[in-house]
1. If amide hydrogens are placed 1.01 Å from N in the peptide plane, which non-local residues have theirs closer than 5 Å to the one on Ser204?
2. How large is ³J(HN,Hα) for each residue in region 48-64, as worked out from phi by the Karplus curve 6.51 cos²θ - 1.76 cosθ + 1.60 (θ = phi - 60°), to whole Hz, x for Gly and Pro?
3. At q = 0.27 Å⁻¹, what log₁₀ I(q)/I(0) does region 126-184 have when each alpha carbon counts as one equal point scatterer in the Debye sum?
4. Please compute, over every Cα-Cα pair in the chain, the percentage with a separation greater than 21 angstrom.
5. How would region 21-75 be classified by its alpha-carbon gyration tensor: rounded, prolate or oblate, with rounded meaning a/c under 1.5 and the a/b versus b/c comparison settling the rest?
6. Evaluate E = 1/(1 + (r/R0)^6) for Glu137 and Ala198, where r is the Cβ-Cβ distance and R0 equals 22 Å; express this FRET efficiency to the nearest 0.05.
7. Residue by residue, what Karplus-based ³J(HN,Hα) values in Hz, rounded to whole numbers, does region 67-83 have, using 6.51, -1.76 and 1.60 with θ = phi - 60° and x for Gly and Pro?
8. Using only the C-alpha atoms of region 153-195, find the volume of their convex hull and express it per residue in Å³.
Amino acid sequence: FRVYRSYISTSGSFGLTSMLDFSSGGNLRIDGLNNTHYETVFPIGMNGEYSPIQLTSVAGTNLNGYFQVTVTDSRHPLAAGSDNAITRYWDVLTPGLTLTSISGFLQYTNNDVLAPIVETNLTTVGRLSSAGWQTNETGTSYNHTSNRIILSAASAITGSWTLGEDAGCFDGTLPDKYTVNAGNWNTGSIWNGGTVPAPTDDVSVLHAVTLNA
């Protein structure tokens with residue numbers, strides 16, 4: 001679903017009965033030219049669970065591009081451990097954009113922290129970038145009461161976001177190569193580090209990848 005220089009709107013409030021449900025896959029992309037095009041609610045969810053991203057303030061040196069998001073209602077596959085993270089993650093892509101300050105939030109659901117997960121132990125905001133897991137970056141925080149990962153003038157948003165425990169969740173060994181975008185296997189920019197996997201690399205495919213062989 002793509003919105004170009006427009007606004008997402010509904011006759012009522014976004015929520016469980018008024019959202020884009022990605023149970024069958026897909027993503028939401030907004031093309032824009034300035035900050036106001038991205039300062040909106042991305043009303044996304046999966047399997048009937050509403051877990052939006054809302055951007056309240058966006059600034060950057062290049063805002064002519066697009067902002068693409070999706071959500072998955074499972075634990076991030078590259079988080080270490082088993083019961084030390086919410087069972088939800090968001091993937092954000094920002095091709096063409098050079099962002100310097102982003103404020104807003106990502107909202108998870110109560111069902112993402114069912115026992116044996118202990119929500120009070122989840123004190124680390126994790127963002128998987130091309131450079132690996134970035135944790136508790138400046139401008140990021142969380143609020144267990146509102147079920148939100150909060151961005152307050154954060155400098156980066158591209159990558160996969162989730163909330164986990166301080167120890168164990170984000171300090172596991174990552175594969176040699178993992179995807180940071182969809183595309184052709186032989187395109188270096190879709191892989192962490194910007195290079196195509198070697199035959200001996202341990203590889204994790206997190207996006208839709210085409211392999212012509």
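1. Hits under the 5 Å cutoff: Lys177, Tyr178, Thr179.
2. Couplings: x, 9, 7, 9, x, 10, 10, 10, 9, 8, 9, 9, x, 8, 8, 10, 9 Hz.
3. Reported log10 I(q)/I(0), two decimals: -1.25.
4. Considering the chain, 54 percent of its Cα-Cα pairs are separated by more than 21 Å.
5. The shape class here is prolate.
6. Efficiency, from the Cβ-Cβ distance: 0.15.
7. 10, 10, 9, 8, 9, 10, 8, 8, 5, 5, x, 9, 7, 7, x, 9, 10
8. Expressed per residue, the convex hull around the Cα atoms of region 153-195 is 105 Å³.
The values are calculated or read from the model by the stated rules, or taken from the named source; none is laboratory data. Only a predicted model underlies this, so the values are computations on that prediction, with no experimental measurement involved. Glycine also receives a Cβ, built like all others from the backbone with ideal geometry; neighbour counts cover every protein chain displayed. Only protein heavy atoms, including side chains, enter the accessible area calculation; ligands, DNA and RNA are left aside. Shrake-Rupley method; radii C 1.70, N 1.55, O 1.52, S 1.80 Å.
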